[in-house]
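Peer 1: First the structure, then my questions, so here it is.
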Amino acid sequence: MLYIGCHLSYSKGYEAMGRQALDIDANTFAFFTRNPRGGSAKAIAPDDAAKLRDILAEKNFGKLVAHAPYTMNPCAADPNIRRFAREAMADDLVRMEFVPGNYYNFHPGSHVKQGTEIGIQLITEQLNECLTEEQSTTVLLETMAGKGSEMGRTFEEIQAIIDGVQLKDKLGVCFDTCHVWDAGYDIVGSLESVLEEFDRIIGIERLKAVHLNDSKNPIGSHKDRHEIIGSGNIGAEALIRVINHPALKNLPFILETPNDIDGYAKEIKFLRENYSE
Ligand code: FE
Ligand code: FE
Ligand code: ZN
């Protein structure tokens with residue numbers, strides 16, 4: 001089953017996201033848990049969330065992949081920024097229980113000249129503070145392009161973070177095709193060996209979701225500029241191989257391409273036409 005969707009705005013509430021997903025033939029989606037560039041969070045109306053839960057169940061949606069705000073930097077040098085990151089994640093995990101059993105994806109952050117060792121330590125500390133035995137949400141570390149001092153640019157870094165976390169069963173990885181390509185992994189020429197490497201270093205069972213994006217830049221550029229499917233350096237053929245790969249084909253695929261809602265609808269249609277059950 002192909003689970004495909006895109007980022008949707010939560011400005012009109014939860015049920016509205018579910019309806020919009022149905023309008024564009026999506027059966028998963030991503031949404032920001034709070035203002036992505038600020039951090040403030042709107043109160044969730046329980047009856048609105050209940051209506052979304054009904055849609056998800058009735059229409060057999062795949063897991064949703066919520067996204068933490070971009071302003072969250074768990075390994076910032078500034079303790080106030082780290083405090084915001086911890087409070088926001090802890091609060092988001094409470095809010096996620098309005099739609100239980102889904103995914104919450106975050107960027108591991110930027111170590112800002114402190115070095116990767118300190119970065120890994122601060123991220124694991126945050127996860128050890130925020131994850132709880134009771135939560136039904138799986139928290140996903142996103143693979144990153146390695147722009148500046150961004151953490152999570154290699155599978156080894158992701159695994160080093162996971163190694164330090166106590167509640168490992170609450171953790172997974174979100175594989176962003178633009179980011180891994182920009183980080184230097186050749187998913188065009190050898191998807192198979194990239195996934196083998198992922199399996200060897202992290203374990204393929206940790207791979208829970210895919211951000212499906214083309215890239216404006218060549219492999220290893222460390223830029224992180226997403227492109228429309230088929231208009232970038234990864235290309236449609238390679239991304240079609242991604243959605244059809246036996247190790248990936250039942251995961252939720254989230255488009256984060258530079259598009260309006262009609263553009264997303266077209267991409268979803270195109271990918272559905274190129275998926276084989
Ligand atoms: Fe992201
Ligand atoms: Fe992403
Ligand atoms: Zn990105």
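What follows is calculated from the coordinates using simple rules that are stated; it is not laboratory data. Please read all numbers here as calculations on a predicted model, not as lab measurements. Counting neighbours? That spans all protein chains shown, and the Cβs are built from the backbone with ideal geometry, glycine included.
Peer 1: With an 8 Å Cα cut-off and a minimum separation of 6 or more residues, compute the relative contact order for the chain in percent.
Peer 2: Relative contact order for the chain comes out at 19 percent.
Peer 1: Let me ask something additional. Would you mind getting the Kirkwood hydrodynamic radius of the chain from its Cα pairs, rounded to one decimal in Å?
Peer 2: With all distinct Cα pairs of the chain included, I get 18.7 Å.
Peer 1: Tell me, what is the percent relative contact order of segment 97-185, built from C-alpha pairs under 8 Å that lie six or more residues apart?
Peer 2: Value for segment 97-185: 35 percent.
Peer 1: Which whole-angstrom value gives the distance between the alpha carbon centres of segment 69-107 and segment 35-66?
Peer 2: The distance from the Cα centre of segment 69-107 to that of segment 35-66 comes to 16 Å.
Peer 1: Quick one: putting +1 on the C-beta of Lys and Arg, -1 on the C-beta of Asp and Glu, what dipole do you get for the chain around its Cα centre, in Debye to the nearest 20?
Peer 2: It works out to roughly 500 debye.
Peer 1: DSSP beta bridges in segment 3-273, what fraction antiparallel, as a percent rounded to 5?
Peer 2: Approximately 10 percent, going by the DSSP bridge assignments.
Peer 1: Work out how much length Ala90 to Ser40 would gain on full extension: take 0.36 nm times their residue separation and subtract the Cα-Cα distance, in nm to one decimal.
Peer 2: Going from the current span to full extension adds 16.6 nm.
Peer 1: At 7 Å along Cα-to-Cβ for each site, give me the label-to-label distance between Glu273 and Lys113 in nm.
Peer 2: Going by the 7 Å Cα→Cβ label model, 5.2 nm.
Peer 1: Also, quick follow-up: In nm, what is the difference between 0.36 nm times the number of residues separating Glu205 and Ser136 and their Cα-Cα distance?
Peer 2: 23.1 nm
Peer 1: Grab the DSSP H runs of the chain that are 4 residues or longer, score each as -39,500 (n - 2.57), total them, divide by all residues and round the 222 nm result to the nearest 500 deg cm²/dmol.
Peer 2: -11500 deg cm²/dmol
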